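Q: Below you'll find the structure I mean.
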Amino acid sequence: MLPHSFGLRAFHVDSCVRMLCLASLMMTVAGSACRGETGPTSTATSPPAPVPAGASSGRIESLDVTADLITYNQAANIGFSIPVEGAIERSPGIITRWELPIPVYVDPSIQGNCVQDAMDYWQSVTGVSYVLVAADAEPRITVRAAASDELNVSAGSGLVYRTYPNNRARLGVLKILTGHAMCAAPSALFRHELGHTLGIFGHPPSGLMSSPLVGMSASPREIAMLTQLYRLPHGSRIGSDGSWAVQ
Ligand SMILES: [Zn+2]
């Protein structure tokens with residue numbers, strides 16, 4: 001599992017398109033023209049934030065998206081427990097997502113720009129927005145380094161472990177193995193683990209969320225799942241036919 005060893009060229013193309021630095025795209029060898037250009041302007045081409053339309057019930061058109069939301073969000077992680085943070089407390093049978101913008105706290109144990117790159121990346125493909133907050137903010141996602149005794153054999157971990165009564169996300173954590181905590185973007189590991197904290201609580205195959213890691217970009221399937229998730233009101237229960245209603 002060497003997250004820095006693949007996808008570098010793919011990142012350059014993706015990053016360059018977002019930054020409109022087209023000149024470097026014409027270079028026959030991937031250069032360094034785009035490095036370090038992960039400033040606030042990288043969100044300029046993001047789609048609008050997906051938000052609920054105000055209804056308390058409705059129907060998801062795609063049965064594939066419906067199945068993914070049930071498998072990888074609504075029905076996932078119930079009953080699990082993790083070191084330090086403890087039991088994952090969520091009500092079964094109801095979706096979990098953050099209110100936007102998602103509050104993110106980056107602990108000093110994480111050095112480099114991989115968290116911002118990961119947030120910028122997900123925002124650039126889904127519109128899901130974020131804001132950096134202090135350590136004691138609530139709700140929040142905390143990004144921190146962790147030793148191998150917390151992560152077993154993994155290089156990272158990401159999840160939501162506390163929710164409000166309607167399952168709105170309250171506390172999430174993104175743990176990165178200490179050896180990867182000093183990081184220069186892009187990092188498939190950071191993007192992958194952040195995807196877990198945003199609402200993909202499992203490993204749909206072939207995209208950014210597949211395990212083991214296979215690439216630097218989210219699949220259309222993952223983008224469709226997250227975009228639909230953030231259009232549902234907190235407290236929604238999804239049926240297998242795509243119908244949903246706030247409980
Ligand atoms: Zn994972």
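The values are calculated or read from the model by the stated rules, or taken from the named source; none is laboratory data. Note that the structure is predicted; figures quoted are calculated from it, not measured. For neighbour counting, all protein chains shown are included, and Cβ atoms are generated from backbone atoms with ideal geometry for every residue, glycine included.
Q: Filtering segment 214-226 down to residues that are touching a residue at least 24 places away in the same chain (Cβ under 8 Å) and in a helix (DSSP H, G or I), which residue is nearest to the ligand (Cβ to nearest atom)?
A: Residue satisfying both the conditions and the ranking: Glu222.
Q: Here's something else I'd like to know. Of all residues in segment 152-167, which are within 10 Å of the ligand (Cβ to nearest atom), assigned to a loop (DSSP other than H, G, I, E, B) and of a type outside the set (A, V, I, L, M)?
A: Of all residues in segment 152-167, those within 10 Å of the ligand (Cβ to nearest atom) come to 154-159.
Of the ones still in play, those that are also assigned to a loop (DSSP other than H, G, I, E, B) are 154-155.
Result: Ser154, single match.
Q: Would segment 130-153 turn up any residue that is buried (at least 16 other Cβ atoms within 10 Å of the Cβ), small (Gly, Ala, Ser) and either within 22 Å of Tyr72 (Cβ to Cβ) or out of contact with any strand residue (DSSP E or B) (no Cβ under 6 Å at 6 or more places or on another chain) (or both)?
A: no
Q: Conditions: (1) within 15 Å of Glu85 (Cα to Cα); (2) surrounded by fewer than 19 Cβ atoms within 10 Å (Cβ to Cβ). Thr163 meets all but one. Number of the miss?
A: (2)
Q: Anything in segment 40-99 that is assigned to a loop (DSSP other than H, G, I, E, B) and among the basic types (Lys, Arg)? List them, or say none.
A: From segment 40-99, those assigned to a loop (DSSP other than H, G, I, E, B) are 44-56, 60-62, 75-80, 83-85, 88, 90-99; that's our starting set.
Selection gives Arg90, Arg97.
Q: Residues in segment 183-213 that are surrounded by fewer than 17 Cβ atoms within 10 Å (Cβ to Cβ), without any contact (Cβ under 8 Å) to a residue 24 or more places away in the chain and more than 10 Å from the ligand (Cβ to nearest atom): how many?
A: 2
Q: Separate question: Being in a loop (DSSP other than H, G, I, E, B), surrounded by 17 or more Cβ atoms within 10 Å (Cβ to Cβ) and more than 11 Å from the chain's Cα centre (by Cα) is the filter here, so list the residues in segment 108-129 that pass it. Spell out how you get there, then give the answer.
A: As a first pass, look at segment 108-129 and keep what is in a loop (DSSP other than H, G, I, E, B): 108-110, 113, 127-129.
Pick out the ones that are also surrounded by 17 or more Cβ atoms within 10 Å (Cβ to Cβ) and you get 110, 113, 127-129.
Once the filter is applied, which keeps residues that are in a loop (DSSP other than H, G, I, E, B), surrounded by 17 or more Cβ atoms within 10 Å (Cβ to Cβ) and more than 11 Å from the chain's Cα centre (by Cα), segment 108-129 yields Ile110, Asn113, Gly127.
Q: Leu171 - would you say it is crowded, with 22+ Cβ neighbours inside 10 Å and modelled with pLDDT of 95 or more?
A: Numbers: crowded, with 22+ Cβ neighbours inside 10 Å: no; modelled with pLDDT of 95 or more: yes.
Here the answer is no, as Leu171 does not meet what is asked.
Q: I need every pair where a residue in segment 105-125 that is at positive phi has its Cβ under 6 Å from the Cβ of a residue that is in a loop (DSSP other than H, G, I, E, B) and not basic (Lys, Arg), sequence separation at least 6 or different chains.
A: Final answer for the pair search is Gly112/Ala184.
Q: From Arg170, Arg237, grab the single residue that is assigned to a strand (DSSP E or B) and in contact (Cβ under 8 Å) with a residue 40 or more places away in the chain.
A: When all the criteria are applied, what remains is Arg237.
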